[in-house]
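The structure appears right after this line, and notes come after that.
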Amino acid sequence: METAQQKFLYFVYWTAIFVVSGSMLVYGIAKPIQFQNFSATANSNLSEGHQIMWTFYSYTKAYPIIIGAFEVIGAVAILFNRTRVFGCILLTVILSNIIIQDYLYDVFALMTAVFYQVLVLLILLFDFKKVKNVFTELFKPQAKNRHFVLLFVALVVALVVKFFESRIFSFF
């Protein structure tokens, strides 16, 4: 039988999931429209940094669509038990980027992004066993036979490619 505390934690867990998922889904779908036809002169009430950032985002339709698609993928992924940790990690990457930009460019939506990130971290805290398993698997020591000669040759080839890459791609 579940205790009142377990029921309350279950309620908090799913509330956090639905708040983040619903919000990120709306933001992701609206992202292409959000930056459409942005004009700094028509939005002079925004801070200078906010205007610069929105002008950057509105320069092309592709960038907001890509960011929006990742927000939608993360929003849908956190709804399912199997993909929840993946969705949280994806949304953490996106929200971290948004938080940094909002802070540096003085965007008024900073605290909203921080709120969603805190909720994502709360969801990950509830799924601590899964997160622990993911990180255990990622950083599990593995016995490898290292071929130091091949590693050295690969490093030299990589340095040569890096040296010539600007010369090679400047023709395109």
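Quick look at the numbers
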{"read-out": "Sequence-separation-based contact order of the range 72-154, relative, with Cα cut under 8 Å and 6+ spacing, percent", "value": "21 percent"}
{"read-out": "Surface share of carbon and sulfur [accessible, 1.4 angstrom probe, percent] for the chain", "value": "71 percent"}
{"read-out": "Chymotrypsin sites (Phe, Trp or Tyr not before Pro) lying in DSSP loop within the range 78-161, provided at most 15 other Cβ fall within 10 Å", "value": "Phe80, Phe108, Phe139"}
{"read-out": "Mean separation of Cα contacts under 8 Å (6+ apart) over length of the range 42-111, as relative contact order %", "value": "34 percent"}
{"read-out": "Inter-label distance for Thr15 and Asp106, nm, one decimal - labels placed 7 Å from Cα along Cα-to-Cβ", "value": "3.6 nm"}
{"read-out": "Choice from Leu95, Leu46, Leu121 showing the highest fluctuation, given a GNM over the chain with Cα pairs closer than 10 Å", "value": "Leu46"}
{"read-out": "Correct option for P(r) over Cα pairs in 10 Å bins from 0, in percent [calculated from the coordinates] among (1) 9, 25, 23, 22, 16, 4, 1, 0; (2) 10, 41, 36, 12, 2; (3) 10, 30, 28, 19, 10, 3, 0", "value": "(1)"}
{"read-out": "Nearest-10 value in Å² for the accessible area of Val93, using the 1.4 Å probe", "value": "90 Å²"}
{"read-out": "Whole-number percent relative contact order across the chain, with pairs defined as alpha carbons under 8 Å at least 6 apart", "value": "22 percent"}
{"read-out": "Cα-based Lys proximity count in the chain, under 21 Å, for pairs eight or more positions apart or on separate chains", "value": "6"}
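The values are calculated or read from the model by the stated rules, or taken from the named source; none is laboratory data. Since this is a predicted model, take the numbers as computed values, not measurements. For neighbour counting, all protein chains shown are included, and Cβ atoms are generated from backbone atoms with ideal geometry for every residue, glycine included. For accessibility, only protein heavy atoms count, side chains too; no ligands or nucleic acids. Shrake-Rupley method; radii C 1.70, N 1.55, O 1.52, S 1.80 Å.
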